[in-house]
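Written out below as structure tokens is the structure these notes cover.
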Amino acid sequence: MPLSPAAQPLQLSLFDGAPAQPPAPAAGVFKHPQAGREIRFGEHVVGYALRRARRRSIGFVVGAEGLTVSAPRWVGLAEIEAALREKSAWILRKLHEQRERARRLDEARVDWRDGVEIPFFGRRIAIRLDAQSAGALLHAESATLRLGLPPGAEPAQIRDAVQSWLQRQARRVFEERCRLFAERLGVSVKRLALSSAATRWGSASADGSIRLNWRLVHFALPVIDYVVAHELAHLREMNHGPAFWDVVRSVMPDFEQARGTLRNEVLPKFD
């Protein structure tokens, strides 16, 4: 029988409340590694890469390395800098976002050892090595996952044991949520498989096959539900047109919030 939204797995009941918000990144110097020019916006100094291109207007791209400016060959530096100043608020906001993301990516590297914490259904659980434990067991009250490994276990052993356990939890929860949303949407899931794709959270085929990325298990349940609803909606609308989003909205009226979390969250690195 499909679970209702309230009938969540017992392990999920621990993780209530809003996650802590990251601190605002500090202002300062932002320099692209290929910077050939610099401009000052108040107390900020931005070194940017300038590329001349066959285009009609000035373009700005803020990526992981910093600011890149593309401009027609006939546009002078004074005009380029005037355009930069006009867009300074947007540029600085994007540079701050990239700096914060880089910080979070660095923190996402997992030191696989006794006591390390990882996100599980939107909250943190601690990994504890316990040679007396059989397999892996989550202690809900202490939010602790006990692994049947000795204290001197190699990092790769710990990582593999945690990943295997997370994948089992992912399949269990995905199956529950697929049953729920398939009933609500009037579709049939013929096959559910786990994915390890680097850039896709899920996929759907017209024959009713669904693939969901096991790393979704790090997110809170509303985010998982959004991806499930998204993929099952494709069994009715194999596109991303207005009709498709109407189908998603019919079962998740506030899906935009979950989609935003999915786009912005940085997950732990398992490599």
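The values are calculated or read from the model by the stated rules, or taken from the named source; none is laboratory data. As the structure is a prediction and not an experimental result, all values here were calculated from the model. For neighbour counting, all protein chains shown are included, and Cβ atoms are generated from backbone atoms with ideal geometry for every residue, glycine included. Just so you know, the surface numbers come from the protein's heavy atoms only, side chains and all, with ligands and any DNA or RNA stripped out. Shrake-Rupley method; radii C 1.70, N 1.55, O 1.52, S 1.80 Å.
If R0 is taken as 22 Å, the Cβ-Cβ distance between ARG85 and LYS31 corresponds to a FRET efficiency of 0.75. Pairs of Cα atoms nearer than 8 Å and 6+ residues apart set the relative contact order; for the chain it is 14 percent.
Whole number please: convex hull volume per residue, Cα atoms of the stretch 81-233, in Å³. If you can, show how the numbers build up before the last one.
Numbers: hull volume 25.8 nm³, N = 153.
Given the Cα convex hull of the stretch 81-233, per-residue volume reads 168 Å³.
Apply the a/c threshold of 1.5 to the C-alpha gyration tensor of the chain and tell me whether it is rounded, prolate or oblate. Note, shape of the chain comes out oblate. Computed about the Cα centre, the dipole magnitude for the stretch 49-148 is approximately 740 debye when only Lys and Arg (+1) and Asp and Glu (-1) carry charge, each at its Cβ.
With +1 on the Cβ of every Lys and Arg and -1 on the Cβ of every Asp and Glu, and nothing else charged, how large is the dipole of the chain about its Cα centre, in debye rounded to the nearest 20?
Values: 40 positive and 30 negative charges, 206 e Å.
In total the dipole reaches around 980 debye.
Sparsely packed loop sites in the stretch 147-212 (the trypsin sites (Lys or Arg not before Pro) outside DSSP H, G, I, E and B with at most 13 other Cβ atoms within 10 Å) comprise LYS190, ARG200.
Amide H to amide H, with H built 1.01 Å from N, PHE120 comes under 5 Å of ILE125, counting only residues 5 or more places away or on other chains.
For the residues ALA229, ALA131, ALA198, a GNM of the chain with alpha-carbon springs under 10 Å puts the largest fluctuation on ALA198. The phi torsions of the stretch 212-218, fed into the Karplus equation with coefficients 6.51, -1.76 and 1.60 and a -60° offset, translate into couplings of 10, 6, 4, 5, 4, 4, 6 Hz, rounded to whole numbers, with Gly and Pro shown as x. Computed from Cα positions, the angle between helix 77-86 and the longest principal axis of the chain comes to roughly 40 degrees. Mind checking the angle between helix 221-233 and the chain's longest principal axis? C-alpha axes, 0 to 90 degrees, to the nearest 10. The angle comes out at about 90 degrees. Note on the chain: GNM, Cα springs under 10 Å; of ARG73, ARG123, ARG99, the largest mean-square fluctuation is that of ARG73. Rounded to whole numbers, the Karplus 3J(HN,Hα) couplings from phi for the stretch 165-174 are 5, 4, 5, 5, 5, 4, 4, 4, 6, 4 Hz, using 6.51 cos²θ - 1.76 cosθ + 1.60 with θ = phi - 60°, and x at Gly and Pro.
For the chain, what does the helix formula give at 222 nm: sum of -39500 (n - 2.57) over DSSP H segments with n ≥ 4, over the residue count, nearest 500 deg cm²/dmol?
Details: 6 runs with 94 residues, N = 271.
Counting only the DSSP helices, I get -11500 deg cm²/dmol.
For the stretch 57-67, the Karplus equation 6.51 cos²θ - 1.76 cosθ + 1.60, evaluated at θ = phi - 60°, returns couplings of 9, 7, x, 10, 9, 10, x, 4, 7, x, 8 Hz by residue, with Gly and Pro reported as x. Among rounded, prolate and oblate, which fits the stretch 113-159 when a ≥ b ≥ c are the square roots of the eigenvalues of its C-alpha gyration tensor, a/c under 1.5 means rounded, and a/b larger than b/c means prolate? It comes out oblate by the Cα gyration axes. Across the options PHE121, LEU262, THR199, the greatest Cα extent toward the positive end of the charge dipole of the chain (unit charges at beta carbon of Lys, Arg, Asp, Glu) belongs to THR199.
Whole number in Å², please: accessible area per residue of the stretch 155-271, 1.4 Å probe, ligands, DNA and RNA not counted. Let's see the in-between values first.
Numbers: 5520 Å² over 117 residues.
Averaged over the residues of the stretch 155-271, the accessible area is 47 Å².
Of all aspartates and glutamates in the structure, those lying under 18 Å Cα to Cα from LYS269, and not within fewer than 8 positions of it along the same chain, are GLU100, ASP106, GLU107, ASP111, ASP114, GLU117, GLU154, ASP160. Lysines within cross-link reach of LYS87: Cα-Cα under 27 Å, excluding same-chain residues under 8 positions apart? Those lysines meeting the cut-off are LYS31.
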